[in-house]
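Structure first, then comments.
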2 protein chains.
Amino acid sequence: MSKNPLKNIESINLGGGHRMTPQRRLVFDVLMKSQDHPTAAEVFMRVKNSMDSISLATVYNCLDTLVSAGAIKQVNLDREPSRYCGNLEPHAHFHCESCSSVLDIELNEGAEASKSVIIPKGAKAEKFEVAVRGKCPKCARRKN
Amino acid sequence: MSKNPLKNIESINLGGGHRMTPQRRLVFDVLMKSQDHPTAAEVFMRVKNSMDSISLATVYNCLDTLVSAGAIKQVNLDREPSRYCGNLEPHAHFHCESCSSVLDIELNEGAEASKSVIIPKGAKAEKFEVAVRGKCPKCARRKN
DNA sequence: TTTTTATCAAGAATTATTCTAAATAATAAT
DNA sequence: ATTATTATTTAGAATAATTCTTGATAAAAA
Ligand SMILES: [Mn+2]
Ligand SMILES: [Mn+2]
Ligand SMILES: [Zn+2]
Ligand SMILES: [Zn+2]
């Protein structure tokens, strides 16, 4: 069973006069099938299998549109290229320091991240993000 | 009272045959005096007041060296330029979405961020980071 | 002093991303 | 159905933060 129960892109409303297009559909589909948080360049390579004529600029455009529409998420690690995530469930990310892979991690109900920090008086906190870095299971078990 | 009780750079050991130099001292001093998480370009401008001949490349080099030595921290927000922080106490960061300022926020003792996520079996978590984004007190009170 | 090593500075190179402009396609208006 | 409007795609140029290269300088070691 896939973690991302294949959402039908037809059901996704992009809003603001945005059209559903073959390119956007393909980019979205790649993300729904991916568990590994691909970069724009990786999405580009995967989409090219279905549509050889697509350009990298279009992939960037589609990713931006889908992120704005809330259909996918953008994941930023330190100084590395942005990665994209098709898992819309609330979750956090684990960044492996040796292989740079990104894993979804579940949030613990009851232990909210919002309770771990003290928001300054008068500030309006809108989003809490927890990131963990370390070694992924694969890299942790490797000797050295 | 400053939040960063002016650490004497002489007392900082950079390790690995790294020398203390006037440039590194100045960059460090700027960070100790700053509460606002300046970017490399901002550090550059501030350091130029004391040493007009310093170059941006050197500021980048000094910042990297100081970060590696653990004398300062690097703070990365989404796709924006890196910022640097002289506050070595454990703390988190609040990113204002309207003015892009970065504020230190305190960690709540007892409600650890590590408890809010479920680490994958076999992974070695080394660092937990909580980031909050929203509107800083100044921007929140402004009538839109 | 001579040799070695680290650092600095200027500018070139890199790289992820955004922008520009022209072509194409979809939608709306007539 | 034609025409006009608007959105989209594409290739390539531009941008911007950062890193790299290289030739001085300077400090430390021999
Ligand atoms: Mn994810
Ligand atoms: Mn800070
Ligand atoms: Zn790994
Ligand atoms: Zn603000």
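Against the condition open to solvent by 80 Å² or more (accessible area, probe 1.4 Å), away from ligand 1 (no atom under 16 Å from the Cβ) and of a type outside the set (Asp, Glu), how does residue B:133 come out, does it pass?
So residue B:133 fails the test.
Only one residue in A:71, A:92, A:125 is within 16 Å of ligand 1 (Cβ to nearest atom) and under 21 Å from residue B:116 (Cβ atoms). Which one?
Of A:71, A:92, A:125, the one residue that is within 16 Å of ligand 1 (Cβ to nearest atom) and under 21 Å from residue B:116 (Cβ atoms) is A:92.
So that you can scan it fast, the table gives a plain yes or no per residue for (1) under 24 Å from residue A:93 (Cα atoms); (2) at pLDDT 95 or above; (3) in contact with a Pro (Cβ under 9 Å, 6 or more places away or on another chain); (4) not assigned by TED's automatic domain parsing to the domain that holds residue A:80:
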position	(1), (2), (3), (4)
A:18	no, no, no, no
A:23	no, yes, no, no
A:26	no, yes, no, no
A:29	yes, yes, no, no
A:40	yes, yes, yes, no
A:43	yes, yes, no, no
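Looking at (1) in the same structural domain as residue B:26 (by TED's automatic domain parsing); (2) more than 12 Å from DNA strand D (Cβ to nearest atom), find the lone condition where residue B:94 falls short.
(1)
Taking only segment A:64-83 into account, find how many residues are more than 13 Å from every other protein chain (Cβ to nearest Cβ) and within 10 Å of DNA strand C (Cβ to nearest atom).
Adding up the residues that qualify gives 0.
Being at the interface with chain A (Cβ under 7 Å from one of its Cβ atoms), touching a residue at least 40 places away in the same chain (Cβ under 8 Å) and of a type outside the set (Gly, Ala, Ser) is the requirement here; does residue B:102 meet it?
no
So, in segment B:119-129, of the ones that are loosely packed, with under 14 Cβ neighbours inside 10 Å and farther than 19 Å from residue B:72 by Cα, which residue ends up nearest to the other protein chains (Cβ to nearest Cβ)?
Within segment B:119-129, the match that is nearest to the other protein chains (Cβ to nearest Cβ) is B:122.
Might you let me know whether segment A:27-37 holds any residue that is open to solvent by 40 Å² or more (accessible area, probe 1.4 Å), on the phi < 0 side of the Ramachandran plot and of a type in the set (A, V, I, L, M)?
Checking segment A:27-37: not a single residue is open to solvent by 40 Å² or more (accessible area, probe 1.4 Å), on the phi < 0 side of the Ramachandran plot and of a type in the set (A, V, I, L, M).
So, in segment B:28-63, of the ones that are of a type in the set (S, T, N, Q) and within 14 Å of another protein chain (Cβ to nearest Cβ), which residue ends up nearest to ligand 3 (Cβ to nearest atom)?
B:39
If you take the residues of segment A:55-112 that are aromatic (Phe, Trp, Tyr) and open to solvent by less than 50 Å² (accessible area, probe 1.4 Å), which of them is farthest from ligand 4 (Cβ to nearest atom)?
Looking at residues that are aromatic (Phe, Trp, Tyr) and open to solvent by less than 50 Å² (accessible area, probe 1.4 Å), I get A:94.
Hey, residue B:108 hits all of (1) outside the structural domain of residue B:136 (by TED's automatic domain parsing); (2) closer than 21 Å to residue A:120 by Cβ; (3) without any contact (Cβ under 8 Å) to a residue 12 or more places away in the chain but one; which does it fall short on?
(1)
Restricting to segment B:58-108, count the residues that are of a type in the set (Val, Ile, Thr) and either away from ligand 2 (no atom under 15 Å from the Cβ) or at positive phi (or both).
Residues that pass the stated criteria total 3.
Testing residue B:89 on (1) more than 23 Å from residue A:91 (Cβ to Cβ); (2) touching a residue at least 12 places away in the same chain (Cβ under 8 Å), one condition comes back false. Which one is that?
If we test residue B:89 against (1) more than 23 Å from residue A:91 (Cβ to Cβ); (2) touching a residue at least 12 places away in the same chain (Cβ under 8 Å), just (2) comes out false.
Looking at (1) open to solvent by less than 40 Å² (accessible area, probe 1.4 Å); (2) more than 21 Å from residue B:127 (Cβ to Cβ); (3) out of contact with any Phe, Trp or Tyr (no Cβ under 8 Å at 6 or more places or on another chain); (4) at pLDDT below 90, which is the only condition residue A:9 fails?
Residue A:9 satisfies every listed condition except (3).
The values are calculated or read from the model by the stated rules, or taken from the named source; none is laboratory data. Since we're looking at a predicted model, the values are computed, not measured. Here Cβ is always computed from backbone atoms with ideal geometry, including for glycine, and neighbour counts include all displayed protein chains. Each accessible area value is taken on the protein alone, full model and side chains, heavy atoms only, with ligands, DNA and RNA left out. Shrake-Rupley method; radii C 1.70, N 1.55, O 1.52, S 1.80 Å.
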